[in-house]
Amino acid sequence: MSDLVIPAPALPTVPTSTGGRFPVRRVFCVGRNYAAHAREMGHDPDREPPFFFTKPADAVVTDGADTPYPSITRQLEHEVELVVAIGSGGSDIAAAQALDHVWGYAVGLDLTRRDLQAEAKRLGRPWDMAKGFDASAPVGTIVPAASVDPTRGAIDLDVDGERRQHGDLGDQIWSVAEVIAELSRAVRLEPGDLVMTGTPDGVGVVTRGAVLRGTVAGVGSVSTRLV
């Protein structure tokens, strides 16, 4: 007999190309990891070490499902990202061994309530409600790490068939291996963690009814419609 006083929440999962599903424990995101995006947000990429924020595990939207347009914002913006799925945990992971901890990769969208983020920055407050809201992280199918080179490849985002973002994984300020190593200094990474690795420039506003499609060469795609 269970001693839980309420039913246990459902475990969020993401589809994989192998047929099973990847259970999501936590979602970490690295901010401003592409030089051009850092500049468009008004920052100097040459002087900034990596920093991290989080989204709830149940913020993931999977299997091409529609994404509800969030409340209390008039400036929802898209950010396409390479997503890293951690398969084995560790602390203080060396960059040289970091990719050995990766189960696979996917394409994701870091949806952002930019007006809330700007207000939080102005007041010196946390970004949680700008980044970690419901359904803020659509994620595509995870493919095994062995089939992916996370150091290069085009990363793009189309809105209603129009190209909005274009970059290359090689443009990252901090490589995937370095991001994992740096994050593992702050928290112990565990199997089931997802790490969103930053977005290229070209972020912009999206409205209800828009169809978003993000792609990363050699990884796959993520698609969703805002409703």
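The values are calculated or read from the model by the stated rules, or taken from the named source; none is laboratory data. Since we're looking at a predicted model, the values are computed, not measured. Methodologically, a virtual Cβ is constructed for each residue, glycine included, from the backbone with ideal geometry; neighbour enumeration extends over all protein chains shown. With ligands, DNA and RNA removed, areas are computed over all heavy atoms of the protein, side chains included. Shrake-Rupley method; radii C 1.70, N 1.55, O 1.52, S 1.80 Å.
At a glance:
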read-out	value
Estimated distance in nm for a label pair at Val187 and Phe52, the labels positioned 7 Å out from Cα along Cα-to-Cβ	0.6
The chain - percent of accessible surface contributed by carbon and sulfur, probe 1.4 Å	52
Diffusion coefficient, µm² s⁻¹, Stokes-Einstein with Kirkwood Rh over alpha-carbon pairs of the range 65-184 at 10 °C and 1.306 mPa s	99
Choice from Val179, Val159, Val205 with maximal GNM fluctuation in the chain (Cα, 10 Å cutoff)	Val205
Residue-span extension gain [Arg163 to Arg125] - 0.36 nm each, minus C-alpha spacing	10.4 nm
Distance (nanometres) between label positions extended 7 Å along Cα→Cβ at Ser2 and Arg208	3.5
Of every Cα-Cα pair in the range 178-226, the percent that sits beyond 17 Å	56
Estimated D of the chain in µm² per second, where Rh is the Kirkwood radius over Cα pairs and Stokes-Einstein applies at 10 °C, 1.306 mPa s	90
Against the rule of thumb 2.2 N^0.38 Å, how large the Cα Rg of the range 133-227 comes out	1.16
Viscosity 1.002 mPa s, temperature 20 °C, Stokes-Einstein D of the range 51-90 from Kirkwood C-alpha radius, µm²/s	159
For the range 68-84, 3J(HN,Hα) per residue [Karplus equation, 6.51 cos²θ - 1.76 cosθ + 1.60, θ = phi - 60°, Hz, x = Gly/Pro]	x, 5, x, 7, 6, 8, 10, 9, 7, 10, 9, 9, 8, 9, 6, 10, 9
1.4 Å probe accessible area per residue over the chain, in Å²	46
Cα extents of the range 137-187 along the three principal axes, largest first (Å)	40, 24, 22
Euclidean distance of C-alpha centroids, the range 157-227 and the range 118-147, integer Å	10
Gaussian network model of the chain, Cα within-10 Å springs - most flexible of Pro138, Pro49, Pro68	Pro49
